[in-house]
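Chemist: To start, I am sharing the structure in question, which I have written as structure tokens.
The values are calculated or read from the model by the stated rules, or taken from the named source; none is laboratory data. Quick caveat: nothing in here was measured; it's all calculated off a predicted structure. Because the Cβ atoms are built from the backbone with ideal geometry, glycine has one as well, and the counts that use them run over all protein chains shown.
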Amino acid sequence: MRITPAQAELAVSAIRTRLGADAAVWLFGSRVDDARRGGDVDLYAETSLPGVLLRETVRTKIVLEEIFGRSVDLVVNNHRKERPIYQIAREQGVKLA
């Protein structure tokens, strides 16, 4: 996993503060593979808050980009629809919280 424990902790805190205290968070994509270099940070969050809006997601993404100092792709599942990326993130990712 190519993020530090401190970054993981800060990311989980930022997501839970803005998207729900019970949010579950996974790191997925290239940052899971220690043999790779570079790349953005892909995070997947599941929240039970049904009203998570694009505004909260964008604000959270901005905070996450400050934490990591690079581009972050944030995928949020508020259980309104099931999308293939959700399953990929859960199965291939590393659960942070």
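Chemist: Give region 1-22 a look and list any residue that's among the hydrophobic types (A, V, I, L, M, F, W, C) and closer than 22 Å to Pro50 by Cβ, or say none.
Modeler: Within region 1-22, the subset among the hydrophobic types (A, V, I, L, M, F, W, C) is 1, 3, 6, 8, 10-12, 14-15, 19, 21.
Passing the criteria: Val12, Ala14, Ile15, Leu19, Ala21.
Chemist: What residue, of Leu49, Leu43, Leu19, Leu96, is touching a residue at least 12 places away in the same chain (Cβ under 8 Å), surrounded by 14 or more Cβ atoms within 10 Å (Cβ to Cβ), in contact with a Ser or Thr (Cβ under 7 Å, 6 or more places away or on another chain) and not β-branched (Val, Ile, Thr)?
Modeler: Values: Leu49 fails: in contact with a Ser or Thr (Cβ under 7 Å, 6 or more places away or on another chain); Leu43 fails: in contact with a Ser or Thr (Cβ under 7 Å, 6 or more places away or on another chain); Leu96 fails: in contact with a Ser or Thr (Cβ under 7 Å, 6 or more places away or on another chain).
None of the other options fit; the residue is Leu19.
Chemist: Same structure again: Touching a Leu at 6+ places or on another chain (Cβ under 9 Å), of a type outside the set (Ser, Thr, Tyr) and touching a residue at least 12 places away in the same chain (Cβ under 8 Å): is that true of Val32 in this structure? Even if it seems obvious, please write down each step before you answer.
Modeler: Numbers: touching a Leu at 6+ places or on another chain (Cβ under 9 Å): no; of a type outside the set (Ser, Thr, Tyr): yes; touching a residue at least 12 places away in the same chain (Cβ under 8 Å): yes.
No: the conditions fail for Val32.
Chemist: Further question on the same structure: Filter region 71-85 down to residues that are at pLDDT 95 or above and over 11 Å from the mean Cα position of the chain (by Cα) and give me whichever is surrounded by the most Cβ atoms within 10 Å (Cβ to Cβ).
Modeler: Going through the qualifying residues, I end up with Ile85.
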